[in-house]
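A short write-up of the structure that comes next.
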Amino acid sequence: MQQQQAGDEAEVFRQAVLRQVEALTADNQRLLQSVVRSERRFRTLAKSVWHVQEEERRRLARELHDGIGQTLTALANQLQRILDDARGAGNLGLEHRLADALELTRGSLHDTRELSRLLRPTLLDDLGLDAALNWLARTLGERTGLTIELRSGLDEQRLHPDVETLVFRITQEALTNVIRHAKARSAQIELERRGDVLILRVEDDGCGCDTQALADAERAGACGGLRGMRDRAELFGGRIDFRSRPGQGSVVQLTLTLDPSERNDDHGR
Ligand SMILES: Nc1ncnc2c1ncn2[C@@H]1O[C@H](COP(=O)(O)OP(=O)(O)OP(=O)(O)O)[C@@H](O)[C@H]1O
Ligand SMILES: [Mg+2]
């Protein structure tokens, strides 16, 4: 009799525990769903901020090109005409001063156009990644003396505009780091697509660095450039790996699974 009663109590207890476990599981499920929803909302929000930033860069780039750029073009033309007149008048001193002013104006025009393109290269929107990366490699190479080679397996294939912008910005940031920190002779940009996975590698033959110290610095909130690259990649479900050893160069790698619904189409271009 007592044994029967103990058995019943154990069963009641077991049922109560089971109910509690079920309730906890349901709670956890709800919490998980809410975290997933929040994460999705956060990504959407962060992507919107990113779109606004890119749009602002586009506007500034246009303003520089069409505003200051056009004024400097007009000024250069004007100076050229005055210089031609001065040559006719045989005033050598004035001729030299005008030639200097013309050279300065042309230099400023060149810098303004380059700055405008670095802010947002129209090539990226018009012709896509291969053309824009080629231009970036050439421009940074000419400016710094670094030999920058591009190897792309994309064959000028177009990707979703957001992905093209992401890859361009990460390459730009990685090359800026090479120029600022690596003391490298050459750098290589490699772009490869394996099915739906896109891989970008920016590699240099420079001085490298201690990645352990870097990881500590990153945890302490430093390394804004690397952090920014990681954050942007994560917005698209991608990943950044930074590998480096003192004296043995560095590699920044972006691995990104392309969203099949966002492949290749025209996307309002
Ligand atoms: N290609 C590289 N070669 C050598 N060291 C590098 C390279 N890339 C990054 N580093 C090291 O990693 C550190 C962090 O880079 P990160 O881009 O995060 O910051 P930063 O370039 O110093 O500043 P910023 O926030 O302006 O980008 C650099 O200070 C440098 O020491
Ligand atoms: Mg940096």
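Yes or no: segment 162-175 includes at least one residue that is part of a loop (DSSP other than H, G, I, E, B) and farther than 24 Å from C223 by Cβ.
No: segment 162-175 contains no residue that is part of a loop (DSSP other than H, G, I, E, B) and farther than 24 Å from C223 by Cβ.
Kindly indicate whether any position in segment 79-91 is in contact with a Ser or Thr (Cβ under 9 Å, 6 or more places away or on another chain) and either basic (K, R) or at pLDDT 95 or above (or both).
So far as segment 79-91 goes, yes, one or more of its residues are in contact with a Ser or Thr (Cβ under 9 Å, 6 or more places away or on another chain) and either basic (K, R) or at pLDDT 95 or above (or both).
Do you know which residues across segment 138-161 are in a helix (DSSP H, G or I), within 18 Å of the chain's Cα centre (by Cα) and more than 15 Å from ligand 1 (Cβ to nearest atom)?
The answer is R138, T139, P161.
Residue-wise test of (1) surrounded by 17 or more Cβ atoms within 10 Å (Cβ to Cβ); (2) more than 14 Å from ligand 1 (Cβ to nearest atom); (3) outside any helix (DSSP H, G or I).
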| position | (1), (2), (3) |
| --- | --- |
| V178 | yes, no, no |
| L191 | yes, yes, yes |
| L198 | yes, yes, yes |
| V202 | yes, no, yes |
| G208 | yes, no, yes |
| Q212 | no, no, no |
| D231 | no, no, no |
| F242 | yes, no, yes |
| Q253 | yes, no, yes |
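What pairs can you find where one residue is in segment 202-227 and within 17 Å of I170 (Cα to Cα) and more than 15 Å from ligand 2 (Cβ to nearest atom), the other is hydroxyl-bearing (S, T, Y) and outside any loop (DSSP other than H, G, I, E, B), and their Cβ atoms are less than 8 Å apart, with a gap of 6+ or different chains?
E203/S250
The values are calculated or read from the model by the stated rules, or taken from the named source; none is laboratory data. What you see is a predicted model; the values in this text were computed from it and never measured. Using ideal geometry, Cβ is built from the backbone for each residue, glycine included, and neighbour counts are taken over all protein chains shown.
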